[in-house]
């Protein structure tokens, strides 16, 4: 692999490396959502959610479209969910191993 690819990988990892952005991605797992649906589901203020959406969009992980006055967001490549699922599986294994050691 060349340095440009490593840099691009790091950019994607940085973009998803925040609990709020991971939560947003989980909300988008079942399909498109309006920002007006996302921020109440997260119990956060709309400007804060919009800032996180902008970071995900800048990284190319999500995209948006206007529908009247609404802005609708969607995941560009569903492989991001495979990545999140892999991380979850790794964490579950670590927790299970730690619990076995403690018992």
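Only the coordinates and a few stated rules stand behind these numbers; no lab work does. Since the structure is predicted, the reported quantities are computational estimates derived from the model, not experimental observations. Please note: Cβ atoms are built from the backbone with ideal geometry, for glycine as well, and neighbour counts cover all protein chains shown.
Take every Cα pair under 8 Å whose residues are at least 6 apart in sequence, average their separation, divide by the length of the chain, and the relative contact order is 25 percent. Subtracting the Cα-Cα distance of residue 67 and residue 50 from 0.36 nm times their residue separation leaves 4.5 nm of extension gain.
Note on residue 41 and residue 27: the extension gain reaches 4.2 nm, defined as 0.36 nm multiplied by sequence separation minus the Cα-Cα distance. Sorted fewest first by neighbouring Cβ atoms within 10 angstrom, 57, 100 come out as 100, 57.
Given all pairs of different Cα atoms, what value in angstroms does the Kirkwood hydrodynamic radius of region 1-71 take? Before the final figure, lay out each step's value.
Working: mean 1/r = 0.0771 Å⁻¹.
It is 13.0 Å.
In the distance distribution for region 38-103, Cα-Cα pairs more than 17 Å apart total 61 percent. Only helices enter this figure: runs of n ≥ 4 DSSP H residues, each worth -39500 (n - 2.57), summed and divided by the residues of the chain, yield -21000 deg cm²/dmol at 222 nm to the nearest 500.
Taking other C-beta atoms within 10 angstrom as a stand-in for reagent exposure, 90, 8 fall in the order 90, 8, fewest first.
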